[in-house]
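The values are calculated or read from the model by the stated rules, or taken from the named source; none is laboratory data. Every value quoted in this text rests on a predicted model; they were computed, and no experiment measured them. Cβ placement follows ideal geometry from the backbone for every residue including glycine, while neighbour counts extend to all protein chains displayed. To get the accessible areas, we keep the full protein, side chains included, count just its heavy atoms, and leave off ligands, DNA and RNA. Shrake-Rupley method; radii C 1.70, N 1.55, O 1.52, S 1.80 Å.
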Amino acid sequence: MANRLSKIYTKTGDTGTTGLGDGSRINKDSLRIDAMGDVDELNAVIGILLTEPLPEAIRSTLDDVQHDLFDVGGEICIPGYTMLKTERVTALENVLDELNEPLPSLKEFILPGGSRASAYCHLARTVCRRAERSMIKLNRDETVTVISLQYINRLSDLLFVMCRSINHAANVPDVLWHNKS
(Lines give C-alpha, C1' and ligand atoms only; values in the text may rest on other atoms or scores of the structure.)
Protein backbone atom coordinates (compact mmCIF):
# COMPACT_ATOMS: atom_id res chain seq x y z
CA MET A 1 0.00 0.00 0.00
CA ALA A 2 1.30 3.42 -0.88
CA ASN A 3 1.77 6.03 1.81
CA ARG A 4 -1.66 7.53 2.34
CA LEU A 5 -0.73 9.86 5.16
CA SER A 6 2.72 11.25 4.69
CA LYS A 7 1.91 14.31 6.81
CA ILE A 8 -0.47 14.01 9.75
CA TYR A 9 -1.28 17.68 10.25
CA THR A 10 -2.46 19.75 7.30
CA LYS A 11 -3.78 22.90 9.02
CA THR A 12 -6.82 22.74 6.72
CA GLY A 13 -9.12 22.05 9.69
CA ASP A 14 -8.05 25.03 11.74
CA THR A 15 -11.17 26.96 10.76
CA GLY A 16 -13.63 24.27 11.89
CA THR A 17 -14.08 22.31 8.67
CA THR A 18 -12.85 18.93 7.63
CA GLY A 19 -12.47 17.10 4.33
CA LEU A 20 -14.62 14.19 3.26
CA GLY A 21 -13.44 11.31 1.13
CA ASP A 22 -14.92 12.89 -1.99
CA GLY A 23 -12.83 16.05 -1.49
CA SER A 24 -15.67 18.25 -0.24
CA ARG A 25 -15.37 20.13 3.05
CA ILE A 26 -17.98 20.30 5.82
CA ASN A 27 -18.22 21.66 9.33
CA LYS A 28 -16.66 19.49 12.02
CA ASP A 29 -19.88 19.63 14.04
CA SER A 30 -22.11 18.32 11.22
CA LEU A 31 -24.28 15.23 11.60
CA ARG A 32 -22.03 13.38 9.16
CA ILE A 33 -18.94 14.02 11.28
CA ASP A 34 -20.87 13.09 14.44
CA ALA A 35 -21.81 9.76 12.87
CA MET A 36 -18.25 9.14 11.67
CA GLY A 37 -16.93 9.95 15.15
CA ASP A 38 -19.38 7.62 16.87
CA VAL A 39 -18.50 4.75 14.53
CA ASP A 40 -14.80 5.47 15.11
CA GLU A 41 -15.34 5.51 18.90
CA LEU A 42 -17.17 2.18 18.66
CA ASN A 43 -14.21 0.73 16.79
CA ALA A 44 -11.86 2.03 19.51
CA VAL A 45 -13.96 0.50 22.31
CA ILE A 46 -13.97 -2.82 20.46
CA GLY A 47 -10.17 -2.47 20.27
CA ILE A 48 -10.11 -2.17 24.08
CA LEU A 49 -12.38 -5.21 24.38
CA LEU A 50 -9.99 -7.17 22.17
CA THR A 51 -7.20 -6.65 24.74
CA GLU A 52 -9.12 -8.95 27.10
CA PRO A 53 -9.12 -12.76 27.12
CA LEU A 54 -12.06 -13.77 24.90
CA PRO A 55 -13.44 -16.97 23.39
CA GLU A 56 -11.92 -17.43 19.93
CA ALA A 57 -15.27 -17.21 18.11
CA ILE A 58 -15.91 -13.81 19.68
CA ARG A 59 -12.36 -12.58 19.07
CA SER A 60 -12.47 -13.61 15.42
CA THR A 61 -15.87 -11.99 14.90
CA LEU A 62 -14.75 -8.74 16.55
CA ASP A 63 -11.66 -8.67 14.34
CA ASP A 64 -13.97 -8.79 11.31
CA VAL A 65 -16.29 -6.22 12.88
CA GLN A 66 -13.45 -3.72 13.21
CA HIS A 67 -12.80 -3.93 9.48
CA ASP A 68 -16.54 -3.66 8.74
CA LEU A 69 -16.80 -0.56 10.92
CA PHE A 70 -13.98 1.01 8.96
CA ASP A 71 -16.05 0.33 5.82
CA VAL A 72 -19.13 1.88 7.47
CA GLY A 73 -17.01 4.93 8.32
CA GLY A 74 -15.85 5.03 4.71
CA GLU A 75 -19.44 5.03 3.48
CA ILE A 76 -20.27 7.92 5.81
CA CYS A 77 -17.10 9.76 4.73
CA ILE A 78 -17.88 9.43 1.02
CA PRO A 79 -21.53 10.38 0.44
CA GLY A 80 -23.25 8.00 -1.97
CA TYR A 81 -20.51 5.37 -1.77
CA THR A 82 -21.25 1.74 -0.79
CA MET A 83 -18.62 -0.54 0.69
CA LEU A 84 -20.45 -2.93 3.03
CA LYS A 85 -22.14 -5.97 1.54
CA THR A 86 -25.36 -7.65 2.69
CA GLU A 87 -23.36 -10.79 3.49
CA ARG A 88 -21.77 -8.96 6.44
CA VAL A 89 -25.22 -8.46 8.05
CA THR A 90 -25.97 -12.15 7.50
CA ALA A 91 -22.63 -13.08 9.05
CA LEU A 92 -23.53 -11.11 12.20
CA GLU A 93 -26.91 -12.84 12.37
CA ASN A 94 -25.29 -16.26 12.07
CA VAL A 95 -22.82 -15.58 14.88
CA LEU A 96 -25.59 -14.06 16.98
CA ASP A 97 -27.67 -17.24 16.62
CA GLU A 98 -24.69 -19.49 17.40
CA LEU A 99 -23.69 -17.56 20.52
CA ASN A 100 -27.24 -17.16 21.82
CA GLU A 101 -28.23 -20.84 21.46
CA PRO A 102 -26.43 -22.22 24.57
CA LEU A 103 -27.35 -19.27 26.81
CA PRO A 104 -30.15 -19.57 29.36
CA SER A 105 -33.35 -17.70 28.56
CA LEU A 106 -33.63 -14.22 29.97
CA LYS A 107 -36.13 -13.65 32.75
CA GLU A 108 -34.73 -10.34 34.01
CA PHE A 109 -32.96 -7.33 32.55
CA ILE A 110 -29.18 -7.49 32.65
CA LEU A 111 -26.98 -4.74 34.04
CA PRO A 112 -23.54 -4.07 32.56
CA GLY A 113 -20.94 -6.10 34.39
CA GLY A 114 -19.94 -9.58 35.38
CA SER A 115 -16.45 -10.03 34.00
CA ARG A 116 -14.32 -7.07 32.94
CA ALA A 117 -14.46 -8.25 29.32
CA SER A 118 -18.25 -8.36 29.49
CA ALA A 119 -18.33 -4.84 30.99
CA TYR A 120 -16.19 -3.59 28.08
CA CYS A 121 -18.54 -5.36 25.69
CA HIS A 122 -21.50 -3.58 27.31
CA LEU A 123 -19.66 -0.30 26.78
CA ALA A 124 -19.21 -1.21 23.11
CA ARG A 125 -22.93 -2.03 22.91
CA THR A 126 -23.93 1.38 24.27
CA VAL A 127 -21.55 3.21 21.93
CA CYS A 128 -22.96 1.12 19.08
CA ARG A 129 -26.48 2.29 19.96
CA ARG A 130 -25.26 5.90 19.93
CA ALA A 131 -23.59 5.38 16.56
CA GLU A 132 -26.86 3.96 15.26
CA ARG A 133 -28.78 7.02 16.51
CA SER A 134 -26.24 9.32 14.84
CA MET A 135 -26.55 7.43 11.57
CA ILE A 136 -30.35 7.58 11.72
CA LYS A 137 -30.25 11.34 12.34
CA LEU A 138 -27.91 11.75 9.38
CA ASN A 139 -30.16 9.55 7.23
CA ARG A 140 -33.09 11.94 7.76
CA ASP A 141 -31.28 14.62 5.73
CA GLU A 142 -28.67 12.70 3.74
CA THR A 143 -28.59 9.12 2.59
CA VAL A 144 -26.90 6.43 4.66
CA THR A 145 -26.91 2.99 3.05
CA VAL A 146 -29.62 0.60 4.22
CA ILE A 147 -26.97 -2.09 4.67
CA SER A 148 -24.95 0.09 7.06
CA LEU A 149 -28.06 0.88 9.09
CA GLN A 150 -28.97 -2.81 9.24
CA TYR A 151 -25.39 -3.73 10.13
CA ILE A 152 -25.09 -1.30 13.03
CA ASN A 153 -28.50 -2.36 14.38
CA ARG A 154 -27.60 -6.04 14.20
CA LEU A 155 -24.18 -5.36 15.72
CA SER A 156 -25.73 -3.88 18.87
CA ASP A 157 -27.83 -7.04 19.24
CA LEU A 158 -24.75 -9.19 18.72
CA LEU A 159 -22.75 -7.22 21.27
CA PHE A 160 -25.50 -7.81 23.85
CA VAL A 161 -25.35 -11.56 23.24
CA MET A 162 -21.54 -11.41 23.29
CA CYS A 163 -21.70 -9.81 26.76
CA ARG A 164 -23.68 -12.76 28.01
CA SER A 165 -21.55 -15.27 26.12
CA ILE A 166 -18.32 -13.81 27.54
CA ASN A 167 -19.66 -14.14 31.09
CA HIS A 168 -20.94 -17.63 30.35
CA ALA A 169 -17.55 -18.78 29.03
CA ALA A 170 -15.82 -17.29 32.10
CA ASN A 171 -18.33 -18.94 34.47
CA VAL A 172 -19.31 -15.50 35.73
CA PRO A 173 -23.03 -14.85 36.17
CA ASP A 174 -24.70 -11.96 34.38
CA VAL A 175 -25.65 -9.10 36.69
CA LEU A 176 -29.41 -9.21 36.93
CA TRP A 177 -31.52 -6.15 37.60
CA HIS A 178 -33.62 -6.39 40.76
CA ASN A 179 -36.66 -4.14 40.85
CA LYS A 180 -36.73 -2.71 44.37
CA SER A 181 -40.12 -1.02 43.99
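Overview of results
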{"item": "The lone exception for LYS180 - which of (1) at pLDDT 95 or above; (2) open to solvent by 50 Å² or more (accessible area, probe 1.4 Å); (3) among the basic types (Lys, Arg) it fails", "result": "(1)"}
{"item": "Counted residues, the stretch 77-89 - those being under 17 Å from ALA131 (Cα atoms) and either among the small types (Gly, Ala, Ser) or at pLDDT 95 or above (or both)", "result": "2"}
{"item": "Residue in the stretch 104-122 that is surrounded by fewer than 18 Cβ atoms within 10 Å (Cβ to Cβ) and under 16 Å from the mean Cα position of the chain (by Cα) present", "result": "no"}
{"item": "Exclusive hit being under 13 Å from the mean Cα position of the chain (by Cα) and of a type in the set (S, T, N, Q), set THR126, THR145", "result": "THR126"}
{"item": "Pairs with Cβ under 7 Å, 6+ apart, first in the stretch 154-180 and farther than 19 Å from ARG116 by Cβ, second of a type in the set (Asp, Glu) and outside any helix (DSSP H, G or I)", "result": "TRP177/GLU108"}
{"item": "Some residue of the stretch 153-175 being at positive phi and either modelled with pLDDT of 95 or more or outside any helix (DSSP H, G or I) (or both)", "result": "yes"}
{"item": "Any hit, the stretch 69-77, residues being open to solvent by 40 Å² or more (accessible area, probe 1.4 Å) and under 11 Å from the mean Cα position of the chain (by Cα)", "result": "yes"}
{"item": "Whichever residue in the stretch 3-33 is under 22 Å from MET83 (Cβ atoms) and open to solvent by 90 Å² or more (accessible area, probe 1.4 Å) and, among such residues, is modelled with the highest pLDDT", "result": "ARG25"}
